[in-house]
1. Considering only Met29, Met78, Met69, give the residue with the highest GNM mean-square fluctuation for the chain, with springs between Cα atoms whenever their separation is below 10 Å.
2. Could you run the Karplus curve 6.51 cos²θ - 1.76 cosθ + 1.60 with θ = phi - 60° over region 11-16 and give me ³J(HN,Hα) per residue in whole Hz, x for Gly and Pro?
3. Could you work out how far apart the two model spin labels at Leu158 and Val145 are, taking each label as a point 7 Å from the Cα in the direction of the beta carbon, and quote it in nm?
4. Solvent-accessible area per residue for region 49-160 at a 1.4 Å probe radius, Å²?
5. Name the residues whose placed amide hydrogens come within less than 5 Å of the amide hydrogen of Ser91, ignoring near sequence neighbours (fewer than 5 apart) on the same chain.
6. Specify the angular offset, from 0 to 90 degrees and rounded to the nearest 10, of the alpha carbon long axis of helix 74-90 from the longest principal axis of the alpha carbons in the chain.
7. Whole-Hz ³J(HN,Hα) for each residue in region 93-104, computed from phi via Karplus 6.51 cos²θ - 1.76 cosθ + 1.60 with θ = phi - 60°, x for glycine and proline: what do you get?
8. Sequence-distant or interchain residues sharing an amide H contact under 5 Å with Thr48, placed H: which?
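The values are calculated or read from the model by the stated rules, or taken from the named source; none is laboratory data. The structure displayed is predicted, hence computed values, not measured ones. Counting neighbours? That spans all protein chains shown, and the Cβs are built from the backbone with ideal geometry, glycine included. These accessible areas exclude ligands, DNA and RNA; they are computed on the full protein's heavy atoms, side chains included. Shrake-Rupley method; radii C 1.70, N 1.55, O 1.52, S 1.80 Å.
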Amino acid sequence: MTARPDRPLGVIPPQTLASHSGLELFARMIAGELPSPPVCAVSNQWITAAEKGRVTWTCSPPPNFINPMGGVHGGWAMTVLDSTLACAVHSGLPAGRGYTTVEVKTNLTRAPKVGEIYTCVGELITLGRSIGTSEAKLLDAEGRVVAFGTTTCLIMELRR
């Protein structure tokens, strides 16, 4: 898997963010109608499915994440988990509501390898008026857990 040149990269305008639910935004990103965040190209991760309370990312560690010991830097898995975790929370938000991450906890259980394709699945745990939580697992092609994590997000009103 390589970067998706068929998908635009960029920042979604604030008015568009505020006027769409999380699910609407993700559907438009997946369809290529809205840009994916630039971090997607850097870390080679792409949202590939979304439903309320659950998102899936497909990813593969790029060579620019190799650490001095020749393995994939742990920050790659953490970056993918952070994206997936936050989007799991966002998938439950209506138009006009946004979030910011206040805490992320990750555990790495296997060494990811450059060139291998992974799936990261995030699920909403709780969604209140001001706090949302989620959990995610980064899985290899055999379904083994490579890393997992949880997040807490602060929910806030977006300005239109």
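1. Result: Met69 has the largest fluctuation of those listed.
2. 9, 6, x, x, 4, 5
3. Result: 3.2 nm between the two label points.
4. 51 Å²
5. Under 5 Å from the amide H of Ser91: Gly53.
6. 20 degrees
7. Using θ = phi - 60°, the values come out as 8, x, 4, x, 10, x, 8, 9, 6, 10, 7, 9 Hz.
8. Sorted by chain and number, the residues that satisfy this are Thr56, Trp57, Thr58.
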